[in-house]
1. Please determine, by comparing only the residues of segment 217-237 that are more than 23 Å from the chain's Cα centre (by Cα) and open to solvent by less than 60 Å² (accessible area, probe 1.4 Å), which one is farthest from ILE169 (Cα to Cα).
2. As an exercise: evaluate SER162 against (1) out of contact with any Ser or Thr (no Cβ under 7 Å at 6 or more places or on another chain); (2) small (Gly, Ala, Ser); (3) farther than 20 Å from GLU227 by Cβ and give the number of the one condition it does not meet.
3. Looking only at segment 218-241, count every residue that is among the acidic types (Asp, Glu) and closer than 18 Å to GLU191 by Cβ and tell me the total.
4. Need the failing condition index for VAL124 against (1) away from the ligand (no atom under 11 Å from the Cβ); (2) in a helix (DSSP H, G or I); (3) at pLDDT 95 or above, just the number.
5. Checking GLU51 against (1) within 15 Å of the ligand (Cβ to nearest atom); (2) at positive phi; (3) not polar (S, T, N, Q), which single condition isn't satisfied?
6. Taking the criterion of being under 19 Å from ILE130 (Cα atoms), within 11 Å of the ligand (Cβ to nearest atom), in the same structural domain as ILE134 (by TED's automatic domain parsing) and among the aromatic types (Phe, Trp, Tyr), would at least one residue in segment 90-110 satisfy it?
7. Exactly one of these conditions fails for LYS87: (1) over 25 Å from the mean Cα position of the chain (by Cα); (2) more than 13 Å from the ligand (Cβ to nearest atom); (3) modelled with pLDDT of 95 or more. Give me its number.
8. Hey, does segment 227-242 have a residue that's among the basic types (Lys, Arg) and at pLDDT 95 or above?
Amino acid sequence: MPKKINKIAVLTSGGDAPGMNAAIRAVVRRALGLGMKVVGIEKGYQGLLNEEMYDMDARSVADSIHRGGTILRTARSAEFKEEAGKKKGAEILKKRGIEGLVVIGGDGSYKGALGLSKHDIGVVCLPGTIDLDIACTDYTIGFDTAINTAMEAIDKVRDTSSSHERCSIIEVMGRNAGYIALWCGVATGAEDILIPEKYDYNEQEIINHIIESRKIGKTHHLIINAEGIGHSTSMARRIEAATGMEARATILGYMQRGGSPTCKDRFYASIMGAYAADLLNEGKINRVIGHLGGDFKDFDIDEALAMQKDLPDYYYQVSRALSRSAINANRVAK
Ligand code: ATP
């Protein structure tokens, strides 16, 4: 029989993501309903080491589900990455009678949770990152809001780019993963999408694409560039020099992290938060919750961290086919 857990804590770690509040709210209210006590740890693992925490009741999470960011705040902690930091964190939790911890963050945060599990703290992790770059899940909390925020911004830039017959390079978030760029690029009809997983740094190909597009009458050219490739401003200068088309860079930056979460992010985060409380209540520990194949599931934390995720090549091929079909049709016609 797994040991009954009576007191849990919850924290958010790494980059903030819209929907984290819905997850915290669900963890707290579900756990309280199951008879557990809940402690909120502020500012991620650094807050744990600084003992910045408080007892939460149902009202602690009131009026938060529609807000972006995280009411528990978040941080990155170098101290916690060290073995001594993880040991200290586990000791603080034990001293306060906390047997289980819900961690809402990206895979860096999962590694921290794994470290705590080695010191007999039962952990459950939720995928809280706008980047969608966690292998055991096809959904991460905040991705849906971030892509919709970015898409709306790109649509606006596209309008003015089209009026002025410009080339626009719009840089979206994604240091190592191109999901935001790919989804937004397809959704806004971008001519080129540059993502870390695929881009071969062949700028001449982009320049040729612009020249050929102009020949068939296209008046603007939209390039979505992922943060991991970056250098959008210098790229704009080079493209303008090579094509004669006015080129401007727009870096969307942190606006993609903020804002009220979409319905999907609120709903999925709520289910995942409640699921985490249920697992701890059943004594099922050291799990990572994901959404795969249409269902919410839980995985062993070691297995989840070992899983690999590849951006589907088909999605990328489709994005290229859609943005080049007019040029290809023109070639065939000739
Ligand atoms: P995002 O996807 O938004 O970047 P993340 O959770 O991956 O989120 P990180 O900065 O990688 O963000 O990790 C958050 C925190 O988790 C770190 O500041 C650190 O405290 C902890 N952490 C990361 N990696 C480890 C590790 N290998 N061991 C212990 N703790 C870690």
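The values are calculated or read from the model by the stated rules, or taken from the named source; none is laboratory data. No experiment lies behind these values; they were computed from the predicted model shown. Neighbour counts are summed over all protein chains in view; Cβ atoms, including those assigned to glycine, are modelled from backbone coordinates with ideal geometry. Note: accessible area is taken over every heavy atom of the protein model, side chains too, but ligands, DNA and RNA are not part of it. Shrake-Rupley method; radii C 1.70, N 1.55, O 1.52, S 1.80 Å.
1. Step by step, filter segment 217-237, then rank; the result is GLY217.
2. The number of the failed condition is (1).
3. Here the count works out to 1.
4. (2)
5. (1)
6. Yes: segment 90-110 contains one or more residues that are under 19 Å from ILE130 (Cα atoms), within 11 Å of the ligand (Cβ to nearest atom), in the same structural domain as ILE134 (by TED's automatic domain parsing) and among the aromatic types (Phe, Trp, Tyr).
7. (2)
8. yes
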